[in-house]
1. Can you name the number of the only condition in (1) more than 9 Å from every other protein chain (Cβ to nearest Cβ); (2) part of a loop (DSSP other than H, G, I, E, B); (3) surrounded by fewer than 20 Cβ atoms within 10 Å (Cβ to Cβ) that A:Tyr72 fails?
2. State all residues of the range B:47-61 that are of a type in the set (S, T, N, Q) and part of a strand (DSSP E or B); if no residue qualifies, say none.
3. In this structure, does A:Asn77 turn out to be farther than 26 Å from B:Tyr39 by Cβ, touching a strand residue (DSSP E or B) at 6+ places or on another chain (Cβ under 7 Å) and either buried (at least 17 other Cβ atoms within 10 Å of the Cβ) or among the polar types (S, T, N, Q) (or both)?
4. Check off (1) farther than 26 Å from B:Cys90 by Cα; (2) not in a loop (DSSP other than H, G, I, E, B) for A:Leu90 and give me the number that stays unchecked.
5. Within the range B:72-87, does at least one residue satisfy the condition of being within 25 Å of A:Asp96 (Cα to Cα) and either within 12 Å of chain A (Cβ to nearest Cβ) or β-branched (Val, Ile, Thr) (or both)?
6. For the range A:48-65, how many residues meet the condition of being surrounded by fewer than 21 Cβ atoms within 10 Å (Cβ to Cβ), assigned to a strand (DSSP E or B) and within 14 Å of another protein chain (Cβ to nearest Cβ)?
7. Could you check, for the range A:23-33, whether at least one of its residues is over 22 Å from B:Gly106 (Cα atoms), within 13 Å of the chain's Cα centre (by Cα), surrounded by fewer than 20 Cβ atoms within 10 Å (Cβ to Cβ) and touching a residue at least 60 places away in the same chain (Cβ under 8 Å)?
8. Of everything in the range B:69-88, what is surrounded by fewer than 20 Cβ atoms within 10 Å (Cβ to Cβ) and not in a strand (DSSP E or B)? Give them in sequence order.
Amino acid sequence: ETGVTQSPTHLIKTRGQQVTLRCSSQSGHNTVSWYQQALGQGPQFIFQYYREEENGRGNFPPRFSGLQFPNYSSELNVNALELDDSALYLCASTLDLGQLNTEAFFGQGTRLTVV
Amino acid sequence: GNSVTQMEGPVTLSEEAFLTINCTYTATGYPSLFWYVQYPGEGLQLLLKATKADDKGSNKGFEATYRKETTSFHLEKGSVQVSDSAVYFCALVSLEYGNKLVFGAGTILRVKS
């Protein structure tokens with residue numbers, strides 16, 4: 001079975017630009033969650049997609065948006081980038097929203113730097 | 001709301017020393033508790049988990065016991081190795097929030113040879 005892969009691994013953008021990050025979920029997993037990990041902090045939940053529908057959102061502004069495709073891969077889009085958006089963005093996949101004892105499998109992350 | 005508090009780091013130990021990283025939580029209902037580890041330049045890997053009170057999770061010599069009375073899930077290892085150097089995150093999932101993980105701030109562990 002394949003793991004969770006994210007692309008690109010590193011990215012530098014200018015304030016005000018837009019960015020798209022991509023995630024391929026683990027084989028057989030239909031649920032993808034995105035997290036933002038600022039330097040020296042724990043990951044913060046952005047949103048989750050289950051079977052192509054958004055299923056819950058954390059405390060992030062609307063300029064953070066996402067998509068999930070029929071093959072369950074996912075995109076995270078951020079518009080009007082701000083310096084504070086600089087972080088490691090992590091994607092995690094689970095099966096059927098997951099149960100309380102289900103392991104979430106994480107990708108290696110995309111390091112976004114906004115200058 | 002749900003939250004996780006971890007001891008601040010960095011924690012610096014010599015090889016073969018005993019490790020404890022404290023974690024306490026606040027949650028409604030009966031959360032599941034996890035420890036994730038992040039090696040340099042990598043994503044998160046599940047280290048161990050416990051899904052109900054008094055459960056003990058264990059993996060690779062690490063252990064943590066779900067203590068409902070003290071709302072704690074402290075990570076321990078009897079003898080650390082240089083290869084254990086990483087950032088450790090305590091996290092929880094509760095039924096009210098599906099499988100959205102709530103993480104602590106992380107604790108950096110440095111093990112010297």
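Readers should treat all values here as calculations from the given coordinates under stated rules, not as data from a laboratory. The structure displayed is predicted, hence computed values, not measured ones. FYI the Cβ positions are ideal-geometry reconstructions off the backbone, even for glycines, and counts take in every protein chain you see.
1. (3)
2. Once the filter is applied, which keeps residues that are of a type in the set (S, T, N, Q) and part of a strand (DSSP E or B), the range B:47-61 yields B:Ser58, B:Asn59.
3. On the way: farther than 26 Å from B:Tyr39 by Cβ: yes; touching a strand residue (DSSP E or B) at 6+ places or on another chain (Cβ under 7 Å): yes; either buried (at least 17 other Cβ atoms within 10 Å of the Cβ) or among the polar types (S, T, N, Q) (or both): yes.
Yes: the conditions hold for A:Asn77.
4. (1)
5. Pass one, the range B:72-87, residues within 25 Å of A:Asp96 (Cα to Cα): none.
No; the residues of the range B:72-87 include none that is within 25 Å of A:Asp96 (Cα to Cα) and either within 12 Å of chain A (Cβ to nearest Cβ) or β-branched (Val, Ile, Thr) (or both).
6. Initially, the range A:48-65 is screened for residues surrounded by fewer than 21 Cβ atoms within 10 Å (Cβ to Cβ), giving A:50-65.
Restricting the remaining residues to those that are assigned to a strand (DSSP E or B) gives A:50, A:53-57, A:64-65.
Checking the rest, the ones that are also within 14 Å of another protein chain (Cβ to nearest Cβ) come to A:50, A:53-57.
Residues meeting the conditions: 6.
7. We begin by selecting, within the range A:23-33, every residue over 22 Å from B:Gly106 (Cα atoms); these are A:23-32.
Those left that are additionally within 13 Å of the chain's Cα centre (by Cα): A:23-25, A:31-32.
In the following step, the residues that additionally are surrounded by fewer than 20 Cβ atoms within 10 Å (Cβ to Cβ) were identified as none.
No; the residues of the range A:23-33 include none that is over 22 Å from B:Gly106 (Cα atoms), within 13 Å of the chain's Cα centre (by Cα), surrounded by fewer than 20 Cβ atoms within 10 Å (Cβ to Cβ) and touching a residue at least 60 places away in the same chain (Cβ under 8 Å).
8. Within the range B:69-88, B:Glu69, B:Thr70, B:Thr71, B:His74, B:Gly78, B:Ser79, B:Gln81, B:Val82, B:Ser83, B:Ser85 qualify.
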